[in-house]
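Trainee: One structure, pasted below without further comment.
FYI, it's all coordinate maths here, none of it is from the lab. From a predicted model like this one, the values you see are computed outputs, not experimental measurements. Neighbour counts run over all protein chains shown; Cβ positions are idealised from the backbone, glycine included.
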Amino acid sequence: MANEKSDVSRLNVESDAHPSQPSSGLEALLRAASEGAGAGGEKTVRPVEKWNPPYCGDIGMKIRRDGTWTYQGSPIGRIALVKLFASILRKDDDGRTYLVTPAEKVDVEVEDAPFLAVEMAAVGEGRARTITLRTNVDDVVTIGPEHPLRFQPSEPDGGLKPYVLVRGRLEALCTRAVYAELVELAEVGESGGDEVGVWSGGKWWRMG
């Protein structure tokens, strides 16, 4: 991975209409990600939790709190590349996040959550309600036992930040717009009291 510096300009100025082929370490990661893509390049679930490759260091990948992916400080503008990288993302029990292939894993710095929940759809009422979220990389999950929702205090304003588990240990932070929609659905739980939350997937998710 000695030549990533020479690749960053090409990687970050390309558009989907004018793609080129980055070389060296990035090329290896992109090739590994692309090999698992479905027909037409659509994203597919990779068995990253089963892979145990050697750790190969930090190449300068970062996910900002606003969902922007950067490589050595420059934003990656091509959503197709972001989706490919997202498909091989994994968070380990050491609390660190990596891009993982069968041959290597490299660090990814994550400022907040790796994904954003950018769109929401709710069907039904009360205990029968289901809430489905779409992320900025087009993962679609329904809040429930397999994709739990949690609310974390936000500093320093004292508000709340909602997160939903997408896969493995990877979460999506709900955008302000999605949070506002969740607040509109908030109701007191069946046990009464002052606490409020939202129903989805047969469970009441407490806010706070």
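Trainee: Rank-order 107-114, 184-191 by packing density, defined as the average count of other C-beta atoms within 10 Å over each peptide's residues, highest first.
Mentor: Numbers: 107-114: 17.9, 184-191: 11.9.
Highest to lowest by the protection proxy: 107-114, 184-191.
Trainee: Modelling each spin label as a point 7 Å along the Cα-to-Cβ direction, I'd like the VAL45/ALA177 distance in nm, to one decimal.
Mentor: It works out to 2.8 nm between the two label points.
Trainee: Amide H neighbours of PHE115 under 5 Å, at least 5 residues apart or on other chains, H built in the peptide plane: list them.
Mentor: GLU171, LEU173
Trainee: Right, another one. Gain in length, ARG169 to THR142, computed as 0.36 nm per residue apart minus the alpha-carbon separation, to one decimal in nm? Mind showing how you got there, number by number?
Mentor: Numbers: separation 27, 0.36 × 27 = 9.72 nm, distance 1.60 nm.
Difference between extended and current length: 8.1 nm.
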